[in-house]
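Read through the structure below, which is laid out as structure tokens, and then see the notes.
Each value in this text was obtained by applying a stated rule to the coordinates, not by laboratory testing. Here the structure is a predicted model, which means the values were calculated and not measured. Because the Cβ atoms are built from the backbone with ideal geometry, glycine has one as well, and the counts that use them run over all protein chains shown.
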Amino acid sequence: MTRTINRLKLIFLGVFAVLSVGVLVWQVGWVMPMKKCEEAHKWWDHGQRVCAQPVLISDITGRTIQDKEAEAAARAAIGRPPAPVQNP
């Protein structure tokens, strides 16, 4: 009986150790980089573990956003400073 209890104790300790290491790897490998990425107003991809910089459609197409409030909101959403004011 004592032998069985010792064996079960070692099995449970082994499972606990493996799960603890798994949680540590998850925190360091996925959760901490995700939080840093989201604090920087970027996009986090869980599958590839990539932090990507969002791009405004107006940057790609060259068309400007006509509504200044909407443009300011879009820039704030991706963490960019407001557009400089152009004097005619």
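Shape index of region 2-77: Rg/Rh, with Rg the Cα radius of gyration and Rh the Kirkwood radius from the inverse mean 1/r over Cα pairs, equals 1.42. Compared with the alpha-carbon gap, the fully stretched path from ASN6 to VAL31 is longer by 5.4 nm at 0.36 nm per residue. Listed by chain and number, the aspartates and glutamates whose C-alpha is less than 13 Å from the C-alpha of LYS35, apart from same-chain residues fewer than 8 away, are ASP45.
Just subtract the alpha-carbon distance of LEU19 and HIS41 from 0.36 nm times their residue separation and send over the number in nm, one decimal. Please report the intermediate quantities before stating the final value.
Numbers: separation 22, 0.36 × 22 = 7.92 nm, distance 3.17 nm.
Full-extension gain reported as 4.8 nm.
How large is the dipole of region 2-77 about the Cα centre if only Lys and Arg carry +1 and Asp and Glu carry -1, each at its Cβ, rounded to the nearest 20 debye? Present the calculation step by step, with values, prior to reporting the outcome.
On the way: 10 positive and 7 negative charges, 150 e Å.
Using only the charged Cβ atoms, the result is roughly 720 debye.
Here's the list of aspartates and glutamates a cross-link from LYS68 could span, going by alpha-carbon distance under 18 Å and ignoring same-chain residues fewer than 8 apart: ASP59.
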